[in-house]
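Let me begin by presenting the structure, written as C-alpha cells, before commenting on it.
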Amino acid sequence: MTSESTLSRTHLDALRAHLLSPKWHEPEIGIVHLGIGNFHRAHQALYTEEAMLARGGDWGICGVTLQGDVTKRDALMAQDGLYSVVERGPGGVRVTVARALREVLAMPFDRARLFELLANPRVRIVSLTVTEKGYCRDAQTGDVDFANERVVHDLLRLAEAATVPGILTAALKARREAGTPPFTVLSCDNLSHNGAALKQVVRSFAAKLDASLAGWIDEQVAFPSTMVDRIVPATTDADRAAIRSALGVSDEAPVPCEPFRQWVIEDRFPAGRPAWEAVGAQLVEDVAPFEIAKLRMLNATHSTLAYLSMLAGFETISDAVSHAPLRTLIHAMMTREIAPTLDVPASFDLLAYRDALLERYANPALKHRCAQIAMDGSQKLPPRILSTIGARLGDGEPFERLALAIASWFVFLRGRAESGERYVISDPLADRLAQIATNADDAEQLVDAMLGFREVFPESLADAPALRAALLRALRALEGGVRSAIAAYATLD
Ligand code: CS2
C-alpha cells in the first residue's frame, strides 16, 4: 500500500489485524443515525458492529449530518463508510477499522434519500446524537420551542423539515399513512430522561399539525432512554498523521477516544434491535439512575473543569486535573455536593465511580480540549449542574463548589482568559449571554442579570436567595484570581 492511498474496502484484507473480526457480511441498513459526529462513530457504531458479529442481523447504519457538512459525507463515502477508531489509553494505542457505517447523507442535499430510508420498513431504529440544542426544546415547558424560527419554518413546510422534531414527525407521519410500523427513536444525547424529553418535543410538534398523529405517536412509537458514555475528543491533524503511519493508508475521518465505554439502554424496541447486550451494553428497565449519575458526576465536573480551565489557562482536561487543587476541588464537589443527591441501585458504588472518573480525566494521551467541552453552556449547565443545585437547595444543603462552577461560566462568557487572551464563545445563545456578561458593572448586576435569563435559570432557582448569595461569593473569589479561588474552594469545609 502506498501512503497516498485512502482507506477503502479493498484494504480490508491487508488491515485484518485492525478489524474486530475477519468474518463479516455486509449488512443492509437497519439504523438511521442523525448527527454523525465522532461520538456515535466511537460508541454506538462499534457496539452495533460487535452485536452483528456476535448475533447477526441487518443493522448497517446510515449516518446523517444535519449541518449540510458535505465534506464529512464525501470523505466517509470515499472511504466506503470505513474509518478508524483510535483508542488512546495508559497502556498504549489500539486502532480498529470500523465497518457498520454503510452510507452517509448530508441534509438538506440528500433529503429524498433520507426520507426513502426513513419510510423503509427495514429501518427499525432512528438514533440521535444531535447535542442538546438539536432538540429545539423550550426549557420551561419541555415542549418544542414554538418561538424557534426553524421550528416555525418546519411547521409551515413539513416537506422541507430541517429540524430534528420536524424530520422525525414528517417521517413518522409518512409511515402512519403508508401503514408501516414505526421505527423506535433512540436519543443518545446527554439530556436527563432523554427518551421522554425527545418524545415530548416530537409529540408537541406533531400535535400542532394533527392531533390524531400526536395520539398515534403516543401509543405506537417507543422512545427508550439511554445513558451513553465514552470520552471522544475532536479529530486533529495529528490524529490523521498518526493513522497514516499506523495503517499505511490515509483516513480523513479517524476518531480518537478513551478505552472506557458504557451504554445503558431501556429495553423498549418493538421493531427489534441489535443484540447489544451480547457485547457489554446493559439493557435495563429504568435508565434514569444511571443517566442522572453520569450527567451530575461526569458531565458536571467536565463543565466545571472546562470553564475554570478556560479562565486559568489549562488547555486539556488532563492538564486541568494535574493541577492538584483543581483535582481536589472536583473530588470534593463529587463527594460532598453531588453524590449525596443521587439515588442509585445499591450495586452502583458512587465513590468508585468518582475515582474511576478522575483516572479517566488524567489520561494524558487523550488531549481532550477544554474549549470543546466549554461549548453550549446554556444548554449543558441546566441538566448537568443546575439540577443538582436544585436538589441541594431542596435539602437545605450547601453547594458552594457548584456555585463556583456556574460563576466561572458567567466570567467565561466575557470571552477573555485571565491572561487577557481572547477566545470565541460557541453557544446558540452566545450573543445575548456575552452582552449580559460584558455589560454588567459589578458582581451583583452580573448575577441578577444572569439569574433573570429564563432559558437557563427556572424561576424556582432564580428566586432562591441562597443561590444568589453563593454565586456572589464565588464571583468575588474569582475576581481575586482564578487559581486562588480554586485553591480556596478545594479546601472549603
Ligand atoms: C463532554 C461530553 O463535551 C462535553 O460536554 O462533557 O461530551 C463527555 O465527554 C461525554 O458525555 C462522555 O461520555
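Counting the residues of the stretch 43-81 that are closer than 17 Å to Arg240 by Cα and outside any helix (DSSP H, G or I) gives 2.
Return the only residue of Pro274, Pro270, Pro259 being in the same structural domain as Gly195 (by TED's automatic domain parsing) and within 15 Å of the ligand (Cβ to nearest atom). Write out each step before concluding.
Values: Pro274 fails: within 15 Å of the ligand (Cβ to nearest atom); Pro270 fails: within 15 Å of the ligand (Cβ to nearest atom).
Selected residue: Pro259, the only one of Pro274, Pro270, Pro259 that is in the same structural domain as Gly195 (by TED's automatic domain parsing) and within 15 Å of the ligand (Cβ to nearest atom).
Asp237 passes every criterion in (1) within 13 Å of the ligand (Cβ to nearest atom); (2) under 22 Å from Ile36 (Cα atoms); (3) surrounded by fewer than 23 Cβ atoms within 10 Å (Cβ to Cβ) apart from (1). Out of Leu478, Leu433, Leu472, Leu446, one residue alone is part of a helix (DSSP H, G or I) and closer than 23 Å to Glu132 by Cβ. It is Leu433. Does Ser212 meet the test of being in the same structural domain as His40 (by TED's automatic domain parsing), within 16 Å of the ligand (Cβ to nearest atom) and closer than 25 Å to Pro165 by Cβ? When the stated conditions are applied, Ser212 does not pass them. Residues in the stretch 143-162: is at least one on the phi > 0 side of the Ramachandran plot, of a type outside the set (A, V, I, L, M, F, W, C) and assigned by TED's automatic domain parsing to the domain that holds Val202? For the stretch 143-162, residues on the phi > 0 side of the Ramachandran plot, of a type outside the set (A, V, I, L, M, F, W, C) and assigned by TED's automatic domain parsing to the domain that holds Val202: absent. Scanning the stretch 153-176 for residues that are assigned to a helix (DSSP H, G or I) and hydroxyl-bearing (Ser, Thr, Tyr) yields a total of 1. Residues that are farther than 18 Å from Gly195 by Cβ and surrounded by 21 or more Cβ atoms within 10 Å (Cβ to Cβ) within the stretch 119-150 comprise Val123, Asp145, listed in sequence order. Considering Met227, Met310, the condition of being aliphatic (A, V, I, L, M), within 12 Å of the ligand (Cβ to nearest atom) and touching a residue at least 12 places away in the same chain (Cβ under 8 Å) is satisfied by Met227 alone. When the stretch 151-162 is limited to residues that are among the charged types (D, E, K, R) and exposed (fewer than 15 other Cβ atoms within 10 Å of the Cβ), the one that is nearest to Arg113 (Cα to Cα) turns out to be Glu160. When the stretch 230-252 is filtered for residues that are in contact (Cβ under 8 Å) with a residue 24 or more places away in the chain and not in a loop (DSSP other than H, G, I, E, B), the ones remaining, listed by number, are Asp239, Ala242, Ile243, Arg244, Ala246, Leu247, Ser250.
Look through the stretch 92-110, keep the residues that are over 22 Å from the mean Cα position of the chain (by Cα) and part of a loop (DSSP other than H, G, I, E, B), and return whichever of them is nearest to Ala365 (Cα to Cα). Ranking the candidates gives Arg99 first. Taken over the stretch 187-213, the criterion of being over 18 Å from the mean Cα position of the chain (by Cα) and in a helix (DSSP H, G or I) is satisfied by Gln200, Val202, Arg203, Ser204, Phe205, Ala206, Ala207, Lys208, Leu209, Ala211, Ser212, Leu213. In this structure, Arg432 does not satisfy being touching a strand residue (DSSP E or B) at 6+ places or on another chain (Cβ under 6 Å), of a type outside the set (Asp, Glu), without any contact (Cβ under 8 Å) to a residue 60 or more places away in the chain and not assigned by TED's automatic domain parsing to the domain that holds Ala147.
The values are calculated or read from the model by the stated rules, or taken from the named source; none is laboratory data. Computed from a predicted structure; not experimentally measured. Here Cβ is always computed from backbone atoms with ideal geometry, including for glycine, and neighbour counts include all displayed protein chains.
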